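Take a look at the structure set out below.
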Amino acid sequence: MSIITGRGDSGDTDLLFGRRIAKSSLRIEALGNVDELNAALGLARAAASDPQWISLIDQLQERLIGLMGQLACRPEDDGRYAEKGYAAITQADLEWVTEQAHGYEAQGIKFTGWARPGAEGSLARAGIDFSRAVARRAERSVLALHESGEPVSQEVRLFFNRLSDLLWILARVSSD
């Protein structure tokens, strides 16, 4: 089966459970921003040489894939999503991100003023900074979706704030 189906030619796209939605909707905007965040993390991952960073980014990407599943589900289908046992961001994920941030903070942060991505000459760290900026955009779009009356779980909303903080810290800690 080809990826080219023509189903999106009308400006609509599929969500989970057979739902269709406009590509210009806030939900698709949020999904697109999370997808871009996942891709940005992939660039940082490909540039990283530290196995610990690579593992951390892999774990973050795994969580983002589950989070995208949550966003690809209309609120009225949340029960079906849970029944299927699909991945979802939970309080445990928030705690894990916070623990990761604290662990890297304990290694010492090189803070030299306002972030200037790439100034250290590390492609991996610049990629993490880029990912942080995309994470903040994803956070804003998820909050806009929630504020529009389409509820987004508190765990998903908080995940981006915690993730952005972790990425800021990570970009200030040497991976070389």
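No value in this document is a laboratory result; all are computed from the given coordinates. Predicted model, so just to flag it, every value in this text is computed and none were measured. Glycine gets a Cβ as well: all are built from the backbone with ideal geometry, and neighbour counts include every protein chain shown.
Details
- Number of residues in the stretch 49-68 that are over 24 Å from L31 (Cα atoms) and touching an Asp or Glu at 6+ places or on another chain (Cβ under 9 Å) equals 2.
- Counting the residues of the stretch 40-70 that are more than 16 Å from S164 (Cα to Cα) and polar (S, T, N, Q) gives 4.
- Unique match (being surrounded by fewer than 17 Cβ atoms within 10 Å (Cβ to Cβ) and of a type outside the set (D, E, K, R)) among Q100, Q61, Q70: Q61
- The set of residues from the stretch 159-176 being surrounded by 17 or more Cβ atoms within 10 Å (Cβ to Cβ), under 20 Å from L31 (Cα atoms) and of a type outside the set (G, A, S) comprises F159, F160, R162, L163, L167.
- Residues satisfying the stated conditions in the stretch 1-57, i.e. touching a residue at least 12 places away in the same chain (Cβ under 8 Å), among the polar types (S, T, N, Q) and not in a helix (DSSP H, G or I): T13, S24, S49
- Among the residues of the stretch 102-134, just one is touching a Lys or Arg at 6+ places or on another chain (Cβ under 7 Å) and either assigned to a helix (DSSP H, G or I) or of a type in the set (V, I, T) (or both), namely I109.
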